[in-house]
Amino acid sequence: MTHKVLIIGSGPAGLTAAIYAARADLEPIMIEGMQRGGQLMLTTDVENYPGFSDGIMGPELMDAMHQQAERFGTQVVTQDVTKVDFSTRPFQVWVGDDLYEAESVIVSTGASARWLDIPGEERLRGFGVSACATCDGFFFRDRQLAVSGGGDSAMEEAIFLTKFASQVTIIHRRDEFRASKIMARRAIEHPKIDVIWDTVIEEVLGDEVVTALRLRNVKTGEESELAVDGLFVAIGHTPNTSIFQGILDLDEAGYILTNNGSTATSIAGVFAGGDVVDHVYRQAVTAAGMGCEAAIDAERWLDGQHA
């Protein structure tokens, strides 16, 4: 059987694409992966998604989207895609030994935040440990916060957090930032921002919520504790595009390149949306919008093929 639309990934972009494609009678199949729902499954409270005046839990929002996609007839496969071949028509997508064929494909595999991989980090994720200041900064009004990182994204996160926090401390393992000079200067000169140089975070401390960080100076080996209410890890994201390398055009960081003004990729009939494309905004609402665009682009492309 050849499907009209096959969607890879099940975050806000993939699920919105599924809803739109299903309502267009394209009978989509979604290979959602073993980690269904994307990064929002790791987010406790979502207060900036339109339509939920009292906020909503990340997993609850994704479950609602999932049920909506299935209600309109989306077929769901809860496995990971292991290989693709976009050189032939129909396109071929493998899940282990199972082969799925499709006239069009929407890639919405997202991106994964890079973590420090230190004790306490995973346990307290969502309880003071975050990788998104825009998502979670609001919850830390008048609190002491730390940001780990030294690039532009770390500077942006730290500066954004000063809108809420009483104090923000940037912790960086080197003696100078990798960030652009203008961003570094803005952070260093900000009255609410301190910097601890030549230091790494060894452990996140706290029973139920973050209470402190255990630090180590990389030059002296001296250890210390820093009392904080939250840690924002800003060491970058990795797009989930390993299976598309050498198949779709990617930028230097591995994000899928799309044609200006559309979600079309370098291969006609293959579309992409969400954080696998977007390394600027990385929000659930922008991902959902791109999923909508990808479904409409796929529908119009299929109409043109059958005309």
Applied in sequence order to segment 157-174, the curve 6.51 cos²θ - 1.76 cosθ + 1.60 (Karplus, θ = phi - 60°) yields integer Hz couplings, x standing for Gly and Pro, of 4, 4, 5, 4, 5, 5, 5, 10, 6, 7, 7, 10, 10, 8, 10, 9, 6, 10
Can you tell me the relative contact order of the chain? Whole percent, Cα pairs under 8 Å, sequence separation 6 or more.
21
Restricting to Cα pairs below 8 Å that are 6+ residues apart, what does the relative contact order work out to for segment 115-233? Please round to a whole percent.
32
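First check a/c for segment 137-274, with a ≥ b ≥ c the square roots of the eigenvalues of its C-alpha gyration tensor; if it is under 1.5, answer rounded, and if not, answer prolate when a/b is larger than b/c or oblate otherwise.
Prolate, since a/c reaches 1.5 and a/b exceeds b/c.
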Stretched fully, the stretch from MET57 through HIS279 gains (0.36 nm per residue minus C-alpha distance, one decimal, in nm) 77.6 nm
Cβ density ranking, 10 Å radius, fewest first, applied to LEU26, LEU205 yields LEU205, LEU26
Quick one: Karplus J couplings for segment 235-242, per residue in order, coefficients 6.51, -1.76, 1.60, θ = phi - 60°, nearest Hz, x for Gly and Pro?
10, x, 10, 10, x, 8, 10, 4
Which shape class applies to segment 198-242: rounded if a/c is under 1.5, otherwise prolate when a/b exceeds b/c and oblate if not, where a ≥ b ≥ c are the square roots of the Cα gyration tensor eigenvalues?
oblate
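In deg cm²/dmol, rounded to 500, what helix-only [θ] at 222 nm does the chain give when every DSSP H run of at least 4 residues adds -39500 (n - 2.57) and the total is split over its residues?
About -7500 deg cm²/dmol.
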Sequence-distant residues sharing a close amide H with THR199 (under 5 Å, placed H):
HIS172, ARG173, ARG174, VAL218
Gyration tensor verdict on segment 78-167 (Cα atoms; rounded if a/c is under 1.5, prolate if a/b is larger than b/c, oblate otherwise):
prolate
Using only Cα atoms, locate the centre of segment 1-73 and the centre of segment 119-156, then give the distance between them in Å, rounded to an integer.
26
What residues qualify as long-range amide H neighbours of GLY37, i.e. H under 5 Å apart, gap of 5 or more or another chain, H built at 1.01 Å from N?
SER10, GLY11
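Values quoted throughout were computed directly from the atomic coordinates according to the rules given, and no laboratory measurement underlies them. All figures in this text were calculated on a predicted structure; none of them were measured in a lab. Cβ coordinates were reconstructed from backbone atoms using ideal geometry, including for glycine residues, and neighbour counts include every protein chain displayed.
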